[in-house]
Number of protein chains: 2
Amino acid sequence: MLTESTENYLKAILQLEADKADGVSTSSIAERLGAQPASVTGMMHKLKERGWVKYERYKGVDLTETGRRHAMETVRRHRLWETFLVGTLGFAWDEVHDLAEQLEHVRSTDLTDQLDAFLGHPQTDPHGDPIPNADGTFRTSVGRALLSDAQVGICAKIVGVGDSQDDFLRHLNSLGLGLGTVVEVKELFPFDRSMAVHIVGGVEARCHLSSRVTQNLWWVEAVPDA
Amino acid sequence: MLTESTENYLKAILQLEADKADGVSTSSIAERLGAQPASVTGMMHKLKERGWVKYERYKGVDLTETGRRHAMETVRRHRLWETFLVGTLGFAWDEVHDLAEQLEHVRSTDLTDQLDAFLGHPQTDPHGDPIPNADGTFRTSVGRALLSDAQVGICAKIVGVGDSQDDFLRHLNSLGLGLGTVVEVKELFPFDRSMAVHIVGGVEARCHLSSRVTQNLWWVEAVPDA
DNA sequence: CTTCCGGTTTAGCCTAGCCTAATTCACCGT
DNA sequence: ACGGTGAATTAGGCTAGGCTAAACCGGAAG
Ligand SMILES: [Mn+2]
Ligand SMILES: [Mn+2]
Ligand SMILES: [Mn+2]
Ligand SMILES: [Mn+2]
C-alpha cells in the first residue's frame, strides 16, 4: 500500500533521476530525504517487492513504470496545492513547500481533479515547475535554459527556479527577483562564473548574481509587451 | 507529539463526551474509531502520560484542558475543509467526510486561518455543525432542537444533521431533505415514533420519516421570507 | 455474601520506519 | 593481481500503533 513515506521516497527518486540519468544511489536519496543510507536500503527492499523500483544491491535504483506513475501523481498533487496556497490563499512562494509536502499525501483523484479545475488547469506551480496532467504526462513546456548559460546583452524573463528551498527563494526576494522578472545580462565574470544584470523595472542599476543563483534560474527570451 | 492517530483519538473522545456527560468508556472509543478495545486502552496510557486525558483503569476517560484544545483545533480544521470542499470545489455533502478526515491532520495555524478567511469565516460546516474559532470557542450557535421533539403543525427549517455518515446523508438526499429544507409536521405516530411531514416546496404531498431520521435532524422555527 | 458475566485490561506478538554499529563489496591505483 | 577505501548493506534495536487471547475486575443477581 502507498504510504506517506513510500510516496516521499518515490518522489525523491523521480527527481534525482531527472539529473543523474539512471542508477540513483541510496546515499543521494538519503541526503535528499534527511534519512540515513541504511534506512534507504531497507526501504528499497520494500519498494522492490512492491514492484515500484528496479533495485540490485550496490547498483542503485530506478523507478518502474508503476513507481514512476505514483511519483508523478504525488508531484502533481504537490504542485497543485502549492498553486492553491499561493494563488488562492495568498501565501508567499517561499512559504508553501512544507505545507504542500503534507497535503500531497491526501490521495483522491476526485479531490485532485476538482482542485485542478478550480485553479483553471494551471501550467506551472509558483516556482515555475510544470504540473503533470492526470495521466502523468507534462503540460506544454516551453524551451527554457539556465541563466548561467545566457550571453551578455540578452533580455531574459525568469520563468522558473531550479531549487525551491525556502532560503533560496528568500534570497531571490531580497535581490528583487521573482517569476516574471526580466533581467538584461550586462557582464559575465569567468573567474567565479558570476554575472552582472540589470533588473528591468528595478531601482538598482546593476545587480550581481553568484553562479549559485544563475545555475538555479530558468529563463526564456523576453518579448517586449505590446 | 501530536500524531494523526492521537488527534483522531482526542477528537473521538471530545465528541463522545458531548453525549455521555463524563467518563467515556474505552469500548465506545473503540467502536467509533473501528479499533479494538485493547488498542484503546494502550493509547489511553500514552494520552495520559502526555497530559491530554484524565484516565484511571476501569473508570473511563475525560479530556484535560490541553486535550480538549487539541481536539477542538482538529474539529475546526475538519469543518473548515468540509466547507471548502463543498462550497469551493463543488463536492456533495455526503462526499467530504473521509477527505476532511485526512486534511484535518495538516497542522498549520497559518493555513487554517487563511482558509477560514478565504471562506469568509463561515459559522457552520455543510452538515450544520458549528465551526470553532481559532481560540477554541464556538461561534454564535442558534437554539436548535431535534426534529423528533417537534409538535404537529410546526414549520421547521432543517439546520443540521446529528449524523454525518455518508449513508445517512444519501438517505436524506433520496428523501429530498437537505440543509435549509423547510418541513411542516403533519402527524406523529407514537407506536414507532415516526413522523409524517410535508416538504415545503417539494413534489410529494407527504413524506414519512422514521425515528432514526428525526432523531438526527436539527431544526429551528421557519420564518416565512419577506 | 457469593457468583457470574461482560466490559476492561494485560501479555505477547506483529508491521512500518527509522537509527547506529559492524560488515561487506566495488572499484581504483599501484 | 592486490590492497585500500569509502559507499552500501546487514545486523540488531527502538518507537508508534495495532491485533488476539488470556486474565481480571466490578456491579448486578441470586
Ligand atoms: Mn511529502
Ligand atoms: Mn514547487
Ligand atoms: Mn482524521
Ligand atoms: Mn461535518
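Which values, in whole Å and largest first, are the semi-axes of the equivalent ellipsoid of the stretch B:1-107 obtained as the square root of 5 times each eigenvalue of the Cα gyration tensor? Don't skip to the answer; put the middle values down first.
Numbers: eigenvalues 141, 37, 28 Å².
With the √(5λ) rule applied to the stretch B:1-107, the semi-axes are 27, 14, 12 Å.
For the stretch B:132-198 versus the stretch B:47-79, the inter-centroid distance based on Cα atoms is 29 Å. In a GNM of chain B with a 10 Å cut-off on Cα contacts, which of B:Pro130, B:Pro122, B:Pro37 has the highest mean-square fluctuation? Top of the fluctuation ranking is B:Pro37. For chain A, the relative contact order is 15 percent, taking Cα pairs closer than 8 Å that sit 6 or more residues apart in sequence and dividing their mean separation by the residue count. How would you classify the stretch A:4-63 from its alpha-carbon gyration tensor, with a ≥ b ≥ c the square roots of the eigenvalues: rounded for a/c under 1.5, else prolate if a/b is greater than b/c, otherwise oblate? It is rounded, given that a/c, with a ≥ b ≥ c, falls under 1.5. Whole-Hz Karplus values for the stretch A:158-164 come out as 6, 10, x, 10, x, 9, 9 Hz, taken residue by residue from phi with 6.51 cos²θ - 1.76 cosθ + 1.60 and θ = phi - 60°; glycine and proline positions read x. Hey, what angle do you get for helix A:65-87 against the long axis of chain A, alpha-carbon based, 0 to 90 degrees rounded to 10? Taking the Cα atoms of chain A, the angle to A:65-87 is about 40 degrees. Obtain the radius of gyration and the Kirkwood radius of the stretch B:145-221 from its C-alpha atoms and give Rg over Rh. Here the Rg-to-Rh quotient is 0.91. Rg and Dmax over the alpha-carbon atoms of the protein assembly as shown stand at 27.6, 93 Å. Rounding to the nearest 10 and keeping the result within 0 to 90°, find how far the Cα-based axis of helix B:37-49 lies from the longest principal axis of chain B. The angle comes out near 60 degrees.
Lysine pair count for chain A (Cα-Cα distance under 17 Å; residues 8 or more apart in sequence or on different chains): 10.
Could you tell me which of rounded, prolate or oblate describes the stretch A:48-194, using a ≥ b ≥ c as the square roots of the eigenvalues of the alpha-carbon gyration tensor, with rounded for a/c under 1.5 and, failing that, prolate when a/b is larger than b/c and oblate otherwise? Each step should come with its number before you reach the end.
Values: a/c = 2.13, a/b = 1.40, b/c = 1.52.
Oblate, because a/c is 1.5 or more while a/b does not exceed b/c.
Here the Karplus curve 6.51 cos²θ - 1.76 cosθ + 1.60, taken at θ = phi - 60°, turns the phi angles of the stretch A:196-204 into couplings of 9, 10, 10, 8, 5, x, x, 7, 6 Hz, with x standing for Gly and Pro. Loop-located GluC sites (Glu not before Pro) in the stretch A:126-226 (DSSP state not H, G, I, E or B) with no more than 12 neighbouring Cβ atoms inside 10 Å: A:Glu204. On a 0 to 90° scale, report how tilted helix A:109-118 is relative to the longest principal axis of chain A, with both axes built from alpha carbons and the result rounded to the nearest 10. On a 0 to 90 degree scale, this one is about 20.
Treat every Asp and Glu Cβ in the protein assembly as shown as -1 and every Lys and Arg Cβ as +1, leave all other atoms uncharged, and give the resulting dipole magnitude about the Cα centre to the nearest 20 debye. Could you put the intermediate results ahead of the total?
Numbers: 46 positive and 66 negative charges, 174 e Å.
That gives a dipole near 840 debye.
No value in this document is a laboratory result; all are computed from the given coordinates. Computed from a predicted model, the values in this text were never measured in an experiment. Virtual Cβ from ideal backbone geometry, glycine too; neighbours counted across all protein chains shown.
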